[in-house]
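Asker: Below you'll find the structure I mean.
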Amino acid sequence: MRVRAATKEKTAKQAKPKTALAPPWNVVVHDDPVTLMSYVTKVFVQVFGYAEVKAKQLMMEVHKTGRSVVWTGAREQAEMYAQKLQAHHLLTTLEVVDG
Amino acid sequence: MWVARVDEGYVFGDLAPSSVETLKGIPMLIESEDPRVRGRLLPDTCDDEADAAHWREHAVPELERLFLSRAQLVRRDLAGLRKMSKSEHQFLLLPDAHVNAWLAALNAARLALFELNDLKAADMEPENFGALQGKQQEALMRIHLLAEIQSVLLGDFEVESCGPFGDFVPE
């Protein structure tokens, strides 16, 4: 009986789920002096399915501040979005969200 | 240059030889191996070296294939350039199904011209045009021409509708 109880305890410890989650990633679009603003807006609508108003807000943030975090989430999906944005030649980088 | 809407897409007409030359240069610019162009069209995406290597291994080859396929599509459409009936200028049909590919190709070509001619953001301002070298001025005019075509395809201008392409007679 004692042995069996000890085994049960060990099994329970091994099955304890991991609590450390992978950090989210930011998809960042940077300003460039060549790409048309209306083109940037269209790409945001096309790639993310954002409403025109949100796409324009993000485009203006890129234009005025030099960059905008256009999406945040799991790494794999962030990479997929970054690839789609680069396919349209928007200057895009990925960064791990701190903290 | 003028533009008309036909059932099949957009017709760009009265294209002067310099405009035709600029359009024919698009595929070559997309395919350029110049490090300045590659650096802009396929930029580093992550700061961390391991992540950057992962990106180069997985994302870049797919992007390269996409760019090459776009360059081929643009080349095929450009093979359809035809002379106008009353001048040496030409006209070109850009089919609706190719508009997204053309938008990206035009953007790539504009970025490549910018990089290859060592232009800076301030050089895009009209008041600085006179201070540029001749080659840079020419590049900037090409960049603006391609931007005009992009703007039309983005729907920034109202374009006259002219029915089927087969019935359309450019003069």
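We did not get these values from a lab; they are worked out from the coordinates using the rules stated. What you see is a predicted model; the values in this text were computed from it and never measured. Backbone-built Cβ (ideal geometry, glycine too); neighbour counts: all protein chains shown.
Asker: Need the failing condition index for B:ALA53 against (1) within 11 Å of chain A (Cβ to nearest Cβ); (2) over 21 Å from the mean Cα position of the chain (by Cα), just the number.
Answerer: With respect to (1) within 11 Å of chain A (Cβ to nearest Cβ); (2) over 21 Å from the mean Cα position of the chain (by Cα), B:ALA53 is out only on (1).
Asker: Is it the case that B:PRO35 is surrounded by fewer than 12 Cβ atoms within 10 Å (Cβ to Cβ) and more than 13 Å from chain A (Cβ to nearest Cβ)?
Answerer: It is true that B:PRO35 is surrounded by fewer than 12 Cβ atoms within 10 Å (Cβ to Cβ) and more than 13 Å from chain A (Cβ to nearest Cβ).
Asker: May I pose another question? Return the total of residues in region B:127-171 being assigned to a helix (DSSP H, G or I), over 30 Å from B:GLU8 (Cα atoms) and free of Cβ contacts under 8 Å to residues at least 12 places away in the same chain.
Answerer: 8
Asker: Looking only at region B:56-82, filter to residues that are more than 12 Å from chain A (Cβ to nearest Cβ) and of a type in the set (Gly, Ala, Ser); which one of those is nearest to the chain's Cα centre (by Cα)?
Answerer: The extreme case among them is B:ALA71.
Asker: Here is a further query. Mind counting the residues in region B:95-118 that are more than 30 Å from B:VAL6 (Cα to Cα) and within 8 Å of chain A (Cβ to nearest Cβ)?
Answerer: The total comes to 1.
Asker: Do we have B:GLU148 as of a type outside the set (A, V, I, L, M, F, W, C), more than 14 Å from every other protein chain (Cβ to nearest Cβ) and under 20 Å from A:LYS42 (Cα atoms) here?
Answerer: no
Asker: Within region B:23-118, considering only helices (runs of 4 or more DSSP H) that don't extend past its boundaries, which have at least 1 residues that are in contact (Cβ under 8 Å) with a residue 40 or more places away in the chain?
Answerer: B:26-31, B:35-41, B:60-78, B:99-116
Asker: Another question, then. Mind counting the residues in region B:11-30 that are in contact with a Phe, Trp or Tyr (Cβ under 9 Å, 6 or more places away or on another chain) and either over 30 Å from A:VAL28 (Cα atoms) or away from chain A (no Cβ under 14 Å) (or both)?
Answerer: 7
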